[in-house]
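Engineer: Pasting a structure here, questions to come.
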Amino acid sequence: MQYHTPVLLNEVLALLITKRGGAYVDATLGGGGHAEAILKHLTRTGTLIGIDADDDAIQFSSNRLSAFAQQVTFISSNFNNLKSALHLMGHEHITGILFDLGVSSYQLDEPSKGFSYRSDSRLDMRMNRAGSLDAYTIVNQYTEERLSEVFWSYSEERLSRRLARVIVRQRAIAPIETTGDLARIVEGAVGKKFLTQALSRIFQAIRIEVNDELENLKIALTDAIDLLEKGGRVVVISYHSLEDRIVKQAFKEAAATSIASGNKLVPDTIVTPKLKILTKKPIEATESEERENPRARSAKLRAAEKL
């Protein structure tokens, strides 16, 4: 089993860890790379909670982090349950929380997950296998209009309508069963020149829809900000503009000192800011990290501190 190399690791550690004996959360545990580095920087009184909806990730990381068994707790859940999960554990506040968004190398490379167009496996894409909605259902049951909306909203695919129309036409002949089936249909619609980009966008859009990723992110960020203790920090690494936009907006709203009335005759409402933004612009990987770790090329890191 192979997970990706942790992205922007030094930057994460520098921004996230404010107290070496604090309580930290890795809300997207994956293979435990960031979690292991965080634990190595904590004292023995420091703790970490690792959250992931993928049971394979929990199992892998529990083995990897066995040396820190007294300091780490694992929660098998989507991070949209962050607040309730931590409250059940008795945590009212935490020192820091990390979100490393996106899909792990293992999830992409494991055919049974059905995430990648590079394999030919059943359309699935569920982070949590207990979920009822999968990629097969979306591709074979969504209306043409709804498919087109998913492709445009979640990947800004300019050929969204054409692709939705072709998919509906093909599934009327026979169900679209596998990632390979879908990839061949997309190739027939867009040709080879722009195939890789189109496949990346279409598979991304379906994955986001299956896992309700953007709405879950909004919920999780709101909860994370509420859970942070004074001086605690939230660090988020995103990999596409839709995620980054949500993070930027959530931080901006939480750092606001006033809410515009929208009327020249009505004064703005003065509010107490919850956050101080630490990254005016997102931090990106250096050229050397990009060469060593291709996944870092699209990474953008934003961080903020609780006031």
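The values are calculated or read from the model by the stated rules, or taken from the named source; none is laboratory data. Everything numeric in this text was worked out from a predicted model, so none of it was measured. Glycine gets a Cβ as well: all are built from the backbone with ideal geometry, and neighbour counts include every protein chain shown.
Engineer: Quick test for you: out of ILE51, ILE58, pick the one residue that is part of a strand (DSSP E or B) and closer than 16 Å to ASP100 by Cα.
Structural biologist: ILE51
Engineer: Please find, within the range 122-156, the residue that is nearest to ALA205 (Cα to Cα) out of those that are crowded, with 18+ Cβ neighbours inside 10 Å and of a type in the set (Val, Ile, Thr).
Structural biologist: VAL150
Engineer: I would also like to ask the following. Scanning the range 168-215 for residues that are part of a loop (DSSP other than H, G, I, E, B) and of a type in the set (D, E, K, R), which turns out nearest to the chain's Cα centre (by Cα)?
Structural biologist: ASP212
Engineer: Let me ask something else about it. So, ALA67, is that one in the same structural domain as LYS276 (by TED's automatic domain parsing) and exposed (fewer than 15 other Cβ atoms within 10 Å of the Cβ) or not?
Structural biologist: So ALA67 fits the description; yes.
Engineer: Then there's this: Within the range 61-96, can you find the residues that are of a type in the set (A, V, I, L, M), closer than 15 Å to ASP223 by Cβ and outside any strand (DSSP E or B)?
Structural biologist: Of everything in the range 61-96, those that are of a type in the set (A, V, I, L, M), closer than 15 Å to ASP223 by Cβ and outside any strand (DSSP E or B) turn out to be LEU82, ALA85, LEU86, LEU88, MET89.
Engineer: Restricting attention to strands (runs of 3 or more DSSP E) lying wholly within the range 220-307, give those where 3 or more residues are of a type in the set (Lys, Arg) and crowded, with 20+ Cβ neighbours inside 10 Å.
Structural biologist: 300-306
Engineer: Considering the range 36-62 alone, what residues qualify as being among the polar types (S, T, N, Q), surrounded by fewer than 20 Cβ atoms within 10 Å (Cβ to Cβ) and under 21 Å from the mean Cα position of the chain (by Cα)?
Structural biologist: Within the range 36-62, GLN59, SER62 qualify.
Engineer: Okay, next question. Could you give every pair whose Cβ atoms fall below 6 Å, whose first residue belongs to the range 142-155 and is closer than 25 Å to ARG245 by Cα, and whose second residue is among the basic types (Lys, Arg) and at pLDDT below 95, counting only separations of at least 6 or pairs across chains?
Structural biologist: Correct list of pairs: SER155/ARG201.
Engineer: Pull up the range 15-48, narrow it to residues that are part of a loop (DSSP other than H, G, I, E, B) and within 21 Å of ILE219 (Cβ to Cβ), then point me to the one that is modelled with the lowest pLDDT.
Structural biologist: The residue in question is GLY30.
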